[in-house]
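Here's the structure we're looking at; comments come further down.
We did not get these values from a lab; they are worked out from the coordinates using the rules stated. As the structure is a computational prediction, the values presented were derived from the model and not from experiment. Please note: Cβ atoms are built from the backbone with ideal geometry, for glycine as well, and neighbour counts cover all protein chains shown.
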């Protein structure tokens, strides 16, 4: 699965015709989707340890290995990483008209790098591919983005580099004391009391910037609003999850005592982020910025669940990471389909779309209500588990987080009312055509997944349960 995107990149490099570039990229991404389903079907749900492990010496002088494997925590994110790229290819089929080959190769590079990030068992390998993910996203924003793309790209890189440097400091601090880069061994090593706090802080800030967590979120709305549709989908759907995954993989099992000490502050910061993101989304007049600020609110739920330190909270956070990738990726795809027709993201430029685009409005409505967690949609399950998990810490957190859900319903339904109903506000809006077969094919898999997970989340929860229990048991010792 790791090799397939890079092999696809090498093959596409020798192709010139547009239809072959698109077709080969789509086939490459679909092969990885099929492999991910095969991986899931052969995954032992009862085994909390790592499965499908591969280890090879890479830099033996420094004890660095190429080591990858999957457990219940990374499995869901691997599935998400392989689901979105083919939809990005379909979504970019007609909208990317310049440097198509480079764009498709960047999509594959993101997928390959993310596969390593979510499966790496060596901290140095994890960091190397963490850095690689920044490169294609920067070029997507700068070369194919909107009018403010240069500023948005530079802001994205500066924030990302700051987080990466902090992450590198934390990883080096751990390895110098533990004498290894192996992530499993790092969790069993002992660290001096003073260094634990500083290493945890460096790792936490690096992951918090990527998540992004309040107050390190300011790069996200600009990056989303300027990025092309596929870039926004990959950024919101997959790259943000690196931060939450890092918390669960590094901060909690390696430094449980420090995590317990700082958890109250993080929980308060999380609920403030939920409310702040929802309030800011309510004030937006740009469709993509509205969805971007909704991501800030949803990521607050993720940290709220992770730092509740129990099965319900962490499983809810993992499920929320996956379902946020589905719903927000779907929102960016559907907004991109609208933008391709009018080249406007302003909510005020639409209205009355149910008259001209009934299929579009039906799918947009599903994605909008799924985003704020309507029961029987995927986000509801994750948010419910997170609220159950955090209720044992302080019920005030539950009340405040539910305020974020109310804000989510407000900004999504208000957006839907202004875009879909009433009369068209511009001449362009009155002449729009409904979704064609390719566009329906792009968003239908996400619609099916959102409903399927909302109705029957059991298989995903079973897949992560034993691995999450292992993490919670480590935390319970402190």
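When the P(r) of region 30-93 is calculated, the portion above 16 Å amounts to 57% of the C-alpha pairs. Note on 19, 101, 241: ascending count of other Cβ atoms within 10 Å places them as 19, 101, 241, the fewest first.
From the alpha carbon gyration tensor of region 1-114, can you work out the equivalent ellipsoid semi-axes (sqrt of 5 times each eigenvalue) and give them in Å, largest to smallest? Present the calculation step by step, with values, prior to reporting the outcome.
Values: eigenvalues 176, 66, 21 Å².
Calculated on Cα positions only, the semi-axes equal 30, 18, 10 Å.
When every Cα-Cα distance of region 358-478 is counted in 5 angstrom steps from zero, the calculated P(r) takes the values 2, 9, 14, 16, 16, 15, 10, 7, 5, 3, 2, 1, 0 percent. Taking Cα atoms only, the orientation of helix 395-420 departs from the longest principal axis of the chain by about 20 degrees. The sum of -39500 (n - 2.57) across all DSSP H runs of n ≥ 4, divided by the residue count of the chain, sets its helix-only mean residue ellipticity at 222 nm to -24000 deg cm²/dmol. The shape of region 1-48 can be summarised by an equivalent ellipsoid whose semi-axes, obtained from the alpha carbon gyration tensor, come to 30, 10, 4 Å from longest to shortest. For the chain, the equivalent ellipsoid derived from the Cα gyration tensor has semi-axes of 34, 26, 20 Å, listed largest first.
When the alpha-carbon atoms of region 255-478 are used, the pair Rg, Dmax equals 18.8, 65 angstrom.
Sorted from fewest to most neighbouring beta carbons within 10 Å, what does the list 343, 217, 324 look like?
Working: 343 10, 217 23, 324 28.
The fewest-first ordering by Cβ neighbours comes to 343, 217, 324.
Residue separation of residue 197 and residue 57 scaled by 0.36 nm, minus their Cα-Cα distance, works out to 47.3 nm of gained length. Relative to the longest principal Cα axis of the chain, at what angle does helix 18-41 sit, 0 to 90 degrees, rounded to 10? It works out to around 50 degrees. Helix 72-91 and the longest principal axis of the C-alpha atoms of the chain enclose an angle of approximately 30°. Residue exposure proxy: 438, 418, ordered by other Cβ atoms within 10 angstrom of their Cβ from fewest to most, comes out as 438, 418.
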